[in-house]
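S.K.: Have a look at this one.
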Amino acid sequence: MKKEDYMDIDFYDDRTGLPLSRREFLKLMGGGIVILFSVGDPLLLEAQRRRGQSLPDDFNAFLRIGENGRVTCFTGKIEMGQGVITSLAQMLADELEVHLDFVDMVMGDTDLCPYDMGTFGSMTTRFFGPPLRAAAAEAREVLIELAAEYLQVSTSQLKAEAGVIYHKSQRQKKVTYAQLTKGKKIVRKLKGKAVLEKPSDFTIVGTPVLRRDAVAKVTGEAKFAGDIREPGMLYARILRPPAHGARMISVDTSGAKKIRGTQVIENDDLIAVLNEDPELAEEALGQIKVRFEKLDSQVDDKTIFDHLLKVAPEGDIVSQGGDLAKGEEISKSVVEKTYLDGYVAHAPIETHTALAKIEGDKATIWASTQGPFGLQRGAASVLGFPAKKVRVITPFVGGGFGGKNSNQQGEEAAILAKLSGKPVQVTWTRAEEFFYDTFRPAAVVKIKGGVNGSGRITLWDYGVYFAGERGAQHFYNIPNHRTMAFSAGWRGAPGSHPFATGPWRAPANNTNTFARESHIDILAAKAGIDPLEFRLKNLKDERMIRVLQAAAKKFGWKPAKAPSGRGYGIAAGIDAGTYVAHIAEVKVNKKTGHVQVKRVVCAQDMGLSINPEGAKIQIEGCITMGLGYALSEDIHFKGGEIFDMNFDTYEIPKFSWLPRIETVLIDDREAAPQGGGEPPIICMGGVIANAIYDATGARLLQLPMTPARVKAAM
Amino acid sequence: MKKTIRFKLNGQPKSLTIDRERMLLWVLRTDFGLTGTKFGCGEGFCGACTVLVNNEAERSCQFPLEDIDGKEIITIEGLAKNARLHPLQEAFVKHDALQCGFCTSGMILNAYSLLLKNPEPSHKDIIEGMEYNLCRCGSYNRIVQAIQTAAKEMKGG
Ligand code: FES
Ligand code: FES
């Protein structure tokens with residue numbers, strides 16, 4: 001596990017997150033069979049280690065087979081579109097031999113679910129999957145033992161099938177799970193000894209299944225945080241500064257108080273208006289007279305890169321080998337380039353939303369969050385409540401992409417509910433969403449690379465500033481190389497970014513893959529070799545070779561030196577343990593600089609794919625979303641003022657941008673499942689940059705590749 | 001000045017007395033508790049708030065309630081008839097044409113009015129007709145497929 005993968009997560013002792021004692025908790029659970037298990041999440045273990053604690057021997061996830069035979073999994077993970085509500089249920093159903101409809105998922109409720117760090121980093125399937133399957137296998141063993149007793153036969157003669165345990169040769173001898181769990185109360189703690197089903201026995205895992213939440217979502221029944229209603233609830237609008245770092249000089253809220261039914265809250269810097277009608281709250285906000293003093297910062301979206309280089313901290317070596325000086329000496333050509341990447345917003349269609357209610361000494365918050373337990377702790381601290389008196393419930397989340405790890409809106413709703421004595425909903429406007437987003441950091445990558453006369457890469461000197469180190473390390477076979485990362489992760493050091501930054505879908509890797517794959521292409525062109533052939537020639541990693549070849553085969557790649565005029569580009573990368581290779585075809589309008597991506601082929605090796613249909617959807621989603629950061633998305637700002645307030649100036653991909661998308665899944669049934677919600681997005685900058693070069697001979701060194709920049713490069 | 005607005009909402013006659021300008025989106029979500037219509041941007045850019053007004057797709061965040069007088073509104077909650085999903089809803093499920101689902105109501109209703117006007121849309125017609133409904137999760141491809149399937153289904157039925 002890389003340092004920065006956990007550096008940016010706020011950890012706290014997972015036991016404090018558990019609102020009930022284990023005994024209370026088990027009492028609440030009622031009868032049936034309960035299997036407690038620990039998710040062997042390396043991040044969590046690392047965090048524990050760093051805090052000098054011994055590893056917890058307690059559980060942090062569990063499943064229950066109720067007295068009605070239904071299976072429920074309780075997890076602090078949340079569903080935000082990535083489909084885990086389906087894939088986790090699928091694993092469970094498969095391992096437990098029950099029909100998928102018999103599995104219920106309870107997700108992201110801090111009162112019901114054991115502590116979880118949050119849903120991010122493509123980790124749900126990777127780290128949660130295996131112990132979940134083991135727990136289910138354990139439950140199946142318990143059931144078989146009970147059945148053996150009940151039917152008076154030995155366990156080896158029994159077999160579970162669709163919620164019923166049968167005698168292998170006398171099928172009339174059988175008992176259902178519900179019969180077995182009736183009146184029982186069995187608690188087991190998983191020690192990880194249960195025998196897992198072999199992948200070849202999987203019936204549900206690995207076969208396409210439609211989303212379980214689809215019907216609720218097409219009928220409007222699915223509840224998101226903003227759809228929760230509580231009697232007497234008020235809608236809040238909060239007074240915001242015009243720029244980050246601005247200071248309030250004076251404020252006059254008398255106008256707001258005149259708007260019918262408005263309650264004005266003034267609590268230090270927090271000034272808000274509450275009304276049972278959201279439009280009246282908006283109107284009241286408009287009546288507040290306020291003066292702010294802005295910071296005198298001049299850095300903007302053009303000068304930011306110089307600023308970042310100036311304030312960059314000392315670098316850390318990510319990896320190195322050989323001798324750079326010697327590498328330079330034996331290179332026939334050496335190319336040095338600087339790559340730039342601007343700030344990018346998460347921009348989920350659902351803005352940050354929360355409803356908070358306080359009854360006595362207990363708070364309940366429904367929030368659109370990727371980290372319910374983080375919000376529980378944050379809200380407890382602003383309320384002055386113990387964490388166990390704060391319950392966070394996570395309804396469906398309308399997209400997160402990393403942005404909803406930040407829970408400011410939930411804390412705002414909580415404090416406003418406390419101050420007003422009423423349930424309060426905070427729904428950020430689109431402008432607030434663009435203002436308080438934790439943007440993907442602007443970043444600079446400097447690369448010096450060299451090739452020798454026979455097309456071998458002989459030198460690689462790589463430095464990434466402020467993106468973070470995920471994906472910085474190259475995977476090519478290069479004798480003399482060094483990779484450095486400057487800045488401690490994607491949050492940057494104080495004084496570096498003018499506003500908050502944070503993890504964005506496949507954090508750091510989009511920037512790193514863009515820079516690396518562009519530079520590899522430049523070296524290929526220098527060597528006069530076809531970009532695919534050049535990559536294969538400089539690779540030893542078998543998995544990488546396999547995905548590249550798979551993508552090339554699907555695409556029908558014909559070797560040619562770039563720029564060939566065809567507009568074909570190639571890029572590859574590794575993220576969250578998953579290997580991806582993309583090949584794209586673009587058309588560039590030479591007059592306007594507009595780029596239309598015609599076709600993208602993506603080959604992905606993610607180990608065992610739990611839900612191939614889900615994985616394909618994630619690939620399509622990543623490719624589509626990736627078009628945005630590659631071609632248009634860029635936050636415009638000056639000082640702490642952000643000029644983008646809605647989707648008119650901040651353009652995200654639309655229907656007409658869509659390329660033809662083809663996917664190849666390299667399914668390795670015996671390999672551990674890896675992340676799939678993020679990896680396929682990492683190549684989008686590089687693959688399009690390389691295709692633009694192939695089409696026009698123009699090399700783009702900055703993301704996004706807007707028409708103006710493409711024109712300028714030609 | 002008070003004014004009473006009468007309209008049909010998902011087939012039911014309704015009336016509401018207002019004394020100021022109100023947008024349909026908030027009336028649906030607060031007064032009628034129809035939360036399937038979503039707020040995404042509030043300025044007409046995303047289409048998450050799309051509803052049907054006399055079978056025409058409209059952005060409810062930009063639609064004053066006054067203009068509803070005498071008209072018929074259908075929201076996502078009113079699309080399924082007698083507990084049977086509309087072919088578009090069915091096709092969205094079948095094609096997995098959603099991820100987080102926040103844009104879905106707007107997508108389906110926009111497609112509904114598109115198909116009314118053009119029952120046999122080409123791929124290009126669909127793209128053009130759907131262009132200004134945004135999906136951040138990147139479900140566009142599958143949404144197009146779902147609309148094609150629904151179009152066939154509706155013609156057959
Ligand atoms: S909320 Fe109405 S168009 Fe976005
Ligand atoms: S499915 Fe998430 S915005 Fe469309």
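The values are calculated or read from the model by the stated rules, or taken from the named source; none is laboratory data. Keep in mind that what you see is a predicted model, and the values were worked out from it rather than measured. Heads up, the Cβs are rebuilt from the backbone with ideal geometry, glycines too, and the neighbour counts pull from every protein chain shown. Accessible surface areas use protein heavy atoms only, side chains included; no ligands, DNA or RNA. Shrake-Rupley method; radii C 1.70, N 1.55, O 1.52, S 1.80 Å.
S.K.: So how much slack lies between A:Arg171 and A:Lys553, counting 0.36 nm per residue of separation and subtracting their Cα-Cα distance, in nm?
M.R.: Gain in length upon complete extension: 132.6 nm.
S.K.: Kindly identify residues of segment B:95-125 having a loss of at least 50 Å² in accessible area between the isolated chain and the assembly of all protein chains, probe radius 1.4 Å.
M.R.: Those are B:Asp96, B:Leu98, B:Gln99, B:Cys100, B:Phe102, which lose 50 Å² or more relative to the chain on its own.
S.K.: Something else about it: Calculate, for chain B, the solvent-accessible area per residue in square angstrom, rolling a 1.4 angstrom probe over the heavy atoms of the protein chains.
M.R.: Dividing the accessible area of chain B by its residue count gives 41 Å².
S.K.: Between A:Gln473 and A:Ala325, how many nm apart are label points set 7 Å from Cα along the C-beta direction?
M.R.: About 2.7 nm, to one decimal.
S.K.: Taking both sides together, what accessible area is buried at the B/A interface, probe 1.4 Å, expressed in Å² and rounded to the nearest 100?
M.R.: Between B and A, the summed buried area is about 4500 Å².
S.K.: Still on this structure, please answer the following. Mind counting lysine pairs for me in segment A:439-570? Cα separation below 15 Å, and the two need to be 8 or more apart along the chain or on different chains.
M.R.: Here the count comes out as 4.
S.K.: Label A:Asp667 and A:Asn267 with points 7 Å out from Cα along Cα→Cβ: what is the distance between them in nm?
M.R.: 5.3
S.K.: Could you tell me the calculated FRET efficiency between B:Gln12 and A:Val106, based on Cβ-Cβ distance and R0 = 35 angstrom, to the nearest 0.05?
M.R.: Working from the Cβ atoms, E equals 0.50.
S.K.: Need the list of aspartates and glutamates near B:Lys8 for cross-linking: C-alpha distance under 17 angstrom, and skip anything on the same chain fewer than eight residues off.
M.R.: Partners within reach: B:Asp31, B:Glu56, B:Glu58, B:Glu66, B:Asp67, B:Asp69, B:Glu72, B:Glu77.
S.K.: With a/c under 1.5 counting as rounded, go ahead and sort segment B:4-157 into rounded, prolate or oblate using the C-alpha gyration tensor (a ≥ b ≥ c being the square roots of the eigenvalues; past the cut-off, prolate if a/b is larger than b/c, else oblate).
M.R.: Verdict is prolate for segment B:4-157.
S.K.: Determine, for segment B:27-157, the count of lysine pairs separated by eight or more sequence positions (or lying on different chains) whose alpha-carbon distance falls under 20 Å.
M.R.: So the count of such lysine pairs works out to 11.
S.K.: Here is a follow-up. Could you tell me the largest-minus-smallest coordinate of the C-alpha atoms of the protein assembly as shown on each of the three principal axes, in descending order and whole angstroms?
M.R.: Here the Cα extents, ordered largest to smallest, are 81, 76, 65 Å.
S.K.: Distance check, please: which entries in A:Lys258/B:Lys2; A:Lys217/A:Lys404; A:Lys184/A:Lys217; A:Lys357/B:Lys14; A:Lys289/B:Lys14; A:Lys357/A:Lys404 exceed 28 angstrom between their Cα atoms?
M.R.: In this structure, A:Lys184/A:Lys217; A:Lys357/B:Lys14; A:Lys289/B:Lys14 lie more than 28 Å apart at Cα.
S.K.: Given a Förster distance of 60 Å, report the FRET efficiency between B:Asn55 and A:Gln157 from their Cβ-Cβ distance, rounded to the nearest 0.05.
M.R.: Between B:Asn55 and A:Gln157 the formula returns 0.40.
S.K.: With a 1.4 Å probe on protein heavy atoms only, tell me which residues of segment B:33-47 lose at least 50 Å² of accessible surface in the complex relative to the chain by itself.
M.R.: SASA drop of 50 Å² or more in segment B:33-47: B:Thr35, B:Phe39, B:Phe45.
S.K.: Looking at A:Ala225, A:Ile259, A:Val215, which one has the Cα that reaches farthest to the positive end of the dipole of segment A:213-262 (charges on Cβ: Lys, Arg +1; Asp, Glu -1)?
M.R.: A:Ile259
S.K.: A further question follows. Alpha carbons only, please: Rg and Dmax for segment A:222-319, in angstrom.
M.R.: 20.2, 63
S.K.: Per q in 0.16 1/Å, what log10 I(q)/I(0) does a Debye calculation on the alpha-carbon atoms of segment B:87-156 return?
M.R.: -0.44
S.K.: Would you work out what percent of the accessible area of the protein assembly as shown, with all protein chains in place, is carbon or sulfur (probe 1.4 Å)?
M.R.: 49
S.K.: Then there's this: Tell me which lysines have Cα within less than 22 Å of A:Lys185's Cα, excluding those fewer than 8 residues away on the same chain?
M.R.: Answer for A:Lys185, where 22 Å is the Cα cut-off: A:Lys27, A:Lys174, A:Lys193, listed by chain and number.
S.K.: Just to be sure I understand the model, the point goes 7 Å from the Cα along the line to the Cβ. What's the resulting A:Lys591 to A:Asn452 distance in nm?
M.R.: With each label point 7 Å from Cα toward Cβ, the separation is 5.0 nm.
S.K.: Between B:Ala80, B:Ala111, B:Ala57, which gets the highest mean-square fluctuation from a Gaussian network model of chain B, Cα cutoff 10 Å?
M.R.: So, out of B:Ala80, B:Ala111, B:Ala57, the one fluctuating most is B:Ala80.
S.K.: Then there's this: Once R0 is set to 35 Å, what does the formula 1/(1 + (r/R0)^6) return for the Cβ-Cβ distance between A:Asp252 and B:Gln62, expressed as a FRET efficiency to the nearest 0.05?
M.R.: Once rounded, the FRET efficiency stands at 0.70.
S.K.: List the trypsin sites (Lys or Arg not before Pro) in segment A:473-571 that DSSP assigns to loop (not H, G, I, E or B) and whose Cβ has at most 16 other Cβ atoms within 10 Å. Which are they?
M.R.: Counting only loop positions with at most 16 other Cβ atoms within 10 Å, the trypsin sites (Lys or Arg not before Pro) in segment A:473-571 are A:Lys540, A:Lys561, A:Arg566.
S.K.: Another question, if that's okay. Roll a 1.4 Å probe over the protein chains and send me the accessible area per residue for segment A:551-688 in Å².
M.R.: Here the per-residue accessible area is 31 Å².
S.K.: For segment B:1-23, list residues with backbone N below 19 Å from a point placed 7 Å from the Cα of B:Asp69 toward its Cβ?
M.R.: B:1-9, B:13-23
S.K.: Report the net charge of residues surrounding A:Lys310, where surrounding means a beta-carbon distance below 15 angstrom and charges are Lys +1, Arg +1, Asp -1, Glu -1.
M.R.: Surrounding charge for A:Lys310 is -1.
S.K.: Scaled to the compact-protein estimate 2.2 N^0.38 Å, what is the alpha-carbon radius of gyration of segment A:276-385, rounded to two decimal places?
M.R.: Dividing the Cα radius of gyration by 2.2 N^0.38 Å gives 1.91.
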